[in-house]
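Here is the structure we will look at.
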Amino acid sequence: MNDTIVRNLHRLPKDIDLVVGVPRSGILAANLFCLVTNIPMTDLDSFLEGKIYTSGVSPKRREALDRGISDMRRILVLDDSINGGRAMLAARKRIEDAHLSDNVMMAAVYGAQPDHKEADFVFEVVARPRVFQWNLMHHEVLERSCVDIDGVLCFDPTEEENDDGARYEDFISRALPLHVPTKRLGTLVTSRLEKYRTSTEAWLKKHRIEYGELVMLDLPSKAERQRLKSHGSFKGSVYRNSDAQLFIESEPAQAEAIARISGKPVFCVESQQMYYAEPLTPAALRQKLRTMPSRLRESRRTSKQRMKEIARGLLGEESYARLKNVVKRPAIGD
């Protein structure tokens with residue numbers, strides 16, 4: 001989202017004095033916008049009450065950050081996305097009812113189409129079906145998803161806790177929630193062994209996590225599971241034979257394996273990436289390229305090895321290997 005905002009700043013009027021975030025996700029968008037532009041911000045409710053967020057203390061502080069709403073010449077009301085337009089219409093009506101609609105521009109970072117009558121400006125088109133990183137665990141797609149447990153719904157066990165015995169039983173009962181969904185989950189698919197079903201179901205009930213089915217690995221021990229290296233293959237097989245549209249996994253290596261085996265997309269919580277089955281589709285490649293700038297900024301390394309790591313992350317091992325073969329292939333006439 002931050003990359004999208006930065007890429008589109010030049011398309012907006014230069015005289016925006018205040019950004020108003022539409023709760024809840026629109027506040028995230030407004031905050032990113034204002035951190036980049038050094039413009040004051042507020043949320044919709046505060047705006048209607050005449051309040052602006054304080055902006056902290058900085059040696060580069062602008063005088064404009066201390067002005068009141070009555071001094072603002074142009075106001076940008078911003079939401080993270082627009083689809084049917086109901087949220088934007090509701091926000092506009094509240095602003096009009098408060099007689100604050102003069103010099104107000106309505107915008108969304110992402111739209112289902114280039115133009116929405118409810119918004120004056122859309123930064124980027126992301127057609128449906130779609131899900132955003134910041135609201136995945138509150139999205140209706142969860143009802144049509146397979147979801148891992150350790151590393152997704154709760155924190156992973158430590159090495160000491162993961163003993164396939166009393167300590168692991170204690171971990172399951174006391175595991176700290178990590179991402180607690182607000183929607184019903186389609187199918188929980190975990191490499192936890194079947195013998196831990198009762199304690200797992202008790203933990204899910206304790207944290208009010210609703211789901212359709214719980215599929216566990218039917219092996220006698222952790223040692224046997226490690227010998228067979230069945231994590232990714234087990235999850236990928238379950239996903240492939242289901243009607244689920246998305247798998248939410250904790251580990252990158254398993255996510256890549258699940259995508260390859262199932263032929264369907266997998267979102268990895270740890271890497272915050274979507275993994276796709278090979279061959280990479282144009283839509284998948286666009287999504288990966290969209291996230292590339294932020295990942296490039298994570299490291300100052302610019303070596304050849306770093307670029308190889310980035311290429312592998314974008315394309316996956318199989319596509320990367322094929323690309324290397326194409327690059328090495330002699331040109332016609334050589």
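The values are calculated or read from the model by the stated rules, or taken from the named source; none is laboratory data. Keep in mind that this is a model prediction, so the values were computed, not measured. FYI the Cβ positions are ideal-geometry reconstructions off the backbone, even for glycines, and counts take in every protein chain you see. Each accessible area value is taken on the protein alone, full model and side chains, heavy atoms only, with ligands, DNA and RNA left out. Shrake-Rupley method; radii C 1.70, N 1.55, O 1.52, S 1.80 Å.
See the values below:
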read-out	value
Cα lying deepest toward the dipole's positive end in region 84-202, options 188, 134, 84, charges on Cβ	84
Ordering of 201-208, 13-20 by burial proxy (mean other Cβ atoms within 10 Å per residue, highest first)	13-20, 201-208
Shape category assigned to region 70-209 from the gyration tensor of Cα positions, a/c cut at 1.5	prolate
Pairwise FRET efficiency - residue 245 versus residue 98, Cβ, R0 = 45 Å, nearest 0.05	0.65
Amide hydrogen neighbours beyond the local backbone of residue 163, cut-off 5 Å, H modeled	168
Spin-label proximity, residue 184 to region 114-147 - amide N less than 14 Å from point 7 Å beyond Cα toward beta carbon	140-145
Pairwise FRET efficiency - residue 162 versus residue 3, Cβ, R0 = 30 Å, nearest 0.05	0.20
Accessible surface, per residue, of region 174-231 when the full set of protein chains is kept, probe 1.4 Å, Å²	59 Å²
Cα gyration tensor category, rounded, prolate or oblate, for region 161-262 with a/c compared to 1.5	oblate
In order through region 140-156: 3J(HN,Hα) via Karplus (6.51 cos²θ - 1.76 cosθ + 1.60), integer Hz, x for Gly, Pro	5, 5, 4, 5, 10, 10, 9, 10, 6, 9, 5, x, 10, 7, 9, 5, 5
Student exercise, region 193-278 dipole from Lys, Arg, Asp, Glu Cβ charges, in Debye to nearest 20	280 debye
Residues with amide H under 5 Å from that of residue 82, placed H, sequence gap 5 or more	110, 111, 112
Estimated vicinal HN-Hα couplings, Hz - region 260-273 in sequence order (Karplus 6.51, -1.76, 1.60; Gly, Pro = x)	5, 6, 7, x, 10, x, 9, 9, 9, 5, 5, 8, 6, 10
Debye, to nearest 20: dipole size of region 121-201, +1 on Lys, Arg Cβ, -1 on Asp, Glu Cβ	620 debye
For region 84-92, 3J(HN,Hα) per residue [Karplus equation, 6.51 cos²θ - 1.76 cosθ + 1.60, θ = phi - 60°, Hz, x = Gly/Pro]	x, x, 5, 5, 5, 4, 5, 5, 4
Gyration tensor (alpha-carbon) shape descriptor, region 165-223, a/c threshold 1.5	oblate
Two-site FRET efficiency, residue 170 against residue 207, from Cβ-Cβ distance with R₀ of 25 Å, rounded to 0.05	0.90
